[in-house]
Amino acid sequence: LPQRAPLNVLLILVDDLRPEILGSPALTPHIDRLAKSSTVFDRAYCQQAICGPSRNSFLSGRRPQRTQSWNFLNHFREVGPNWVSLPQWFKQHNYTALATGKTYHPNLPPRWDQPLSWSADRPYVFAENGYPPCDRKDSLQNSMVCPSAHPDSWYADHSDASATIADLEYALRAKKRFFLVYGAHRPHLPWNVPQRFWEIYPPTESVSVAEHEAGPRGMPPIAFTYEVDGQPTLRSFGSAVPVPYPDASTAPPANVSRSLRKGYYAAVSWTDHQVGRLLDALDEHAVAGETVVALAGDHGWALGEHNIWGKHSN
């Protein structure tokens, strides 16, 4: 049989994406489109449910026990300076390896592991405004939910996706096989996204709350996470309530829970829109048939299940 030419690769990494996103209340037409022509792994598990260690693990191909990365302090290059990372392997095999957005966790390893992981053809792009505060007049500045009037171009995810499309076009002009990585910030907090992604959902009062708002009986305190990305309160528009405890009686008011869940879904739909832009670019340049597209999250994010709002679920 004739040898097939190597395929291109587009890897899309989504921060804090819940694993059951297909079939969930989140509206994701572009991810759904990708899934219909893909192999979907519905029993894939992250090594550790926090950004830095998870990304150090799957981008190095080693478990946290090997990387020695369990927090936001250490990275795999400290113990494996000569290890070959995933993008580095493609780079060593004559691919142009370029990236935008959040691939590794910032500074873990330093400088996005340049120059080892990425080609020098084009700069690594990490656009500004990845974690914008809420500037609505009816909301707290640190509101987790913030449908906004800002244009798409104001957001890092849009700028980073545009840079990935530019990387694609560069590689095609240079007639190079490519390994491209796009790292989306949302649905990581804050859920600050253009207003239209909030409006595609039904009224907030019709959004369901978590089925089980209490922690398991007899659960030791160390098994429960009492924080929301380091914050002691849940904040939605003008409301702020304490982060709950395992007892269901401490769950946030239903209106707060519903608006938080809707805010998360809107943020997922915003990232889905960026996924659509990338898939459309592959189609427009007639390289979709020779490009492997992989989409993964680094870990999930609890939306009130067992009264947890955040990561750290394992």
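The values are calculated or read from the model by the stated rules, or taken from the named source; none is laboratory data. A quick note: this is a predicted structure, and the numbers were derived from the prediction, not measured. Because the Cβ atoms are built from the backbone with ideal geometry, glycine has one as well, and the counts that use them run over all protein chains shown. For accessibility, only protein heavy atoms count, side chains too; no ligands or nucleic acids. Shrake-Rupley method; radii C 1.70, N 1.55, O 1.52, S 1.80 Å.
Among the DSSP beta bridges whose two residues both lie in the chain, what percent are antiparallel, rounded to the nearest 5? Just about 25 percent of them are antiparallel. Amide hydrogen proximity for Glu213: with H placed 1.01 Å from N in the peptide plane, the residues at 5 or more positions away or on another chain lying under 5 Å are His306. Database remark: amide H of Ser313 closer than 5 angstrom to the amide H of Ala49 (H placed geometrically; neighbours at sequence offset of 5 or more, or on other chains; Pro and chain starts carry no H).
Take the Cβ-Cβ distance between Tyr245 and Gln114 as r, set R0 to 51 Å, and report the resulting FRET efficiency rounded to the nearest 0.05. Before the final figure, lay out each step's value.
On the way: r = 43 Å, r/R0 = 0.84.
It comes out at approximately 0.75.
Normalising the Debye intensity of segment 117-250 to I(0), with uniform scatterers on Cα atoms only, and taking log10 at q = 0.10, 0.11, 0.12, 0.13 Å⁻¹ returns -0.52, -0.61, -0.69, -0.77. Springs between Cα atoms under 10 Å define the GNM used for the chain, and in it the highest mean-square fluctuation of Leu13, Leu168, Leu140 occurs at Leu140.
So, with a 1.4 angstrom probe, what is the percent of accessible area on segment 1-68 that is carbon and sulfur? Don't jump to the answer; show the numbers that get you there.
Numbers: 2180 of 4000 Å².
Answer for segment 1-68 is 55 percent, counting heavy atoms of protein chains only.
What range in the chain is the longest one free of chymotrypsin sites (Phe, Trp or Tyr not before Pro) that are in a loop by DSSP and have at most 16 other Cβ atoms within 10 angstrom? Result, exposed sites excluded: 84-223. Spatially, segment 224-297 and segment 114-179 are offset by 17 Å when compared through their Cα centroids. Only protein atoms count toward the accessible area here, which uses a 1.4 Å probe; on segment 143-254, the carbon and sulfur part of that area reaches 59 percent. By the Cβ-Cβ criterion of under 4.7 Å, the unpaired cysteines of the chain are Cys46, Cys51.
Expressed as a rounded percentage, what relative contact order does the chain have, with Cα pairs under 8 Å and six or more residues apart?
Numbers: 591 pairs, mean separation 91.7, N = 314.
29 percent.
What value, in deg cm²/dmol to 500, does the helix sum -39500 (n - 2.57) over DSSP H runs of n ≥ 4 give at 222 nm once divided by the residues of the chain?
On the way: 7 runs with 83 residues, N = 314.
Calculated at 222 nm, the ellipticity per residue is -8000 deg cm²/dmol.
What FRET efficiency comes out for the pair Asp135/Arg277, r = Cβ-Cβ distance, R0 = 25 Å, nearest 0.05? Result of the calculation: an efficiency of 0.50. This structure gives Cα extents along the principal axes in Å, computed directly, and of [x] 79, 43, 37; [y] 55, 42, 40; [z] 64, 42, 38 that value is listed as [z]. Take the Cα of Gln92, step 7 Å along the line toward its Cβ, and report every residue of segment 106-126 whose backbone nitrogen sits under 20 Å from that point. The answer is 109-110, 112-121, whose backbone nitrogens lie closer than 20 Å to the label point. Under a 5 Å amide H cut-off, with hydrogens placed 1.01 Å from N, Leu234 pairs with Val241, Val243 among residues at least 5 apart or on other chains.
Keeping all protein chains in place, calculate the accessible area per residue for the chain (probe 1.4 angstrom), answer in Å².
Spelled out: the 1.4 Å probe surface of the chain, per residue, equals 47 Å².
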